[in-house]
Amino acid sequence: KFILCRSVDGGGLTDRVLQVLAQRRDRPLFLWVHYLDVHLPYTHTADPAVSAEARSALAGDFQSAIHALEGKPGLRDEVWAANQDEVRFVDAAIRRVLDTLGDAPARGRVVVLTADHGEEFFEHGGFEHGHTLFQEVIHIPLVVAGLPAAPGVVDAPVTLMDVTRTLLGAAGGQDAGMTGHDLAGVIAPDWP
């Protein structure tokens with residue numbers, strides 16, 4: 001069953017996810033939830049260090065408003081603080097979903113947390129994403145929990161192409177023509 005939720009606000013999206021979980025039966029479930037709240041506009045800014053001027057710029061027509069604020073002392077710190085408020089908001093939403101899922105069933109559960117891109121906060125003179133390939137933009141988190149491998153941290157580069165292959169492998173499938181690696185094997189001495 002495919003359910004498309006057009007909610008941009010993470011609160012509404014989480015509520016919809018919890019409705020889906022409440023209706024699920026005892027059968028396998030693939031759930032993909034994409035939170036957009038850490039993208040501009042920033043609407044969950046609570047940090048008092050963020051000025052009303054910056055808060056308004058980040059919550060509204062930020063493209064022109066941020067450019068109007070260029071040169072404002074402390075702007076990068078205010079934008080960073082507002083971004084971190086968005087991250088905390090999404091963290092709390094994800095926690096609601098994970099709490100609702102509860103303990104993993106006997107057949108197991110794989111949870112993947114990742115992002116589509118990072119953000120540039122004036123490190124190279126730019127702001128946001130989509131115009132450079134600096135590490136701030138392309139270096140993203142990837143956390144995979146529930147694989148039948150020993151827990152650990154992988155220092156080798158991995159890509160989002162590995163996520164599909166990993167999830168397919170966790171479900172017992174395989175596709176020799178698929179790109180990427182099954183990350184369940186990253187702890188094994190012969191990987192990659």
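The values are calculated or read from the model by the stated rules, or taken from the named source; none is laboratory data. This structure is a prediction, so every number in the text was calculated from the model and none was measured. Note that we place each Cβ from the backbone using ideal geometry, even for glycine, and neighbour counts take in every protein chain shown. Side chains are part of the model used for accessible areas, which takes the heavy atoms of the whole protein and leaves out ligands, DNA and RNA. Shrake-Rupley method; radii C 1.70, N 1.55, O 1.52, S 1.80 Å.
Data overview
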{"item": "Check on P48, over 22 Å from the mean Cα position of the chain (by Cα), modelled with pLDDT of 90 or more and surrounded by fewer than 16 Cβ atoms within 10 Å (Cβ to Cβ)", "result": "yes"}
{"item": "Residue check for A82: in contact with a helix residue (DSSP H, G or I) (Cβ under 9 Å, 6 or more places away or on another chain) and surrounded by 15 or more Cβ atoms within 10 Å (Cβ to Cβ)", "result": "yes"}
{"item": "Unmet requirement for E119, which otherwise passes all of (1) more than 30 Å from R27 (Cα to Cα); (2) surrounded by fewer than 15 Cβ atoms within 10 Å (Cβ to Cβ)", "result": "(2)"}
{"item": "Region 128-151, residues that are farther than 17 Å from L183 by Cβ and more than 19 Å from the chain's Cα centre (by Cα)", "result": "H131, T132"}
{"item": "Filter pass, A170 being within 27 Å of D9 (Cα to Cα) and surrounded by 11 or more Cβ atoms within 10 Å (Cβ to Cβ)", "result": "no"}
{"item": "Criterion: on the phi < 0 side of the Ramachandran plot, over 21 Å from the mean Cα position of the chain (by Cα), open to solvent by 90 Å² or more (accessible area, probe 1.4 Å) and not aliphatic (A, V, I, L, M) - qualifying residue of R27, R95", "result": "R27"}
{"item": "Among (1) surrounded by 14 or more Cβ atoms within 10 Å (Cβ to Cβ); (2) under 15 Å from E119 (Cα atoms), the one test that R76 misses", "result": "(1)"}
{"item": "Residues located in region 148-182, provided they are assigned to a helix (DSSP H, G or I), touching a helix residue (DSSP H, G or I) at 6+ places or on another chain (Cβ under 9 Å) and of a type in the set (A, V, I, L, M, F, W, C)", "result": "V163, A170"}
{"item": "Criterion violated by L75 - all others in (1) under 27 Å from D15 (Cα atoms); (2) touching a residue at least 40 places away in the same chain (Cβ under 8 Å) satisfied", "result": "(1)"}
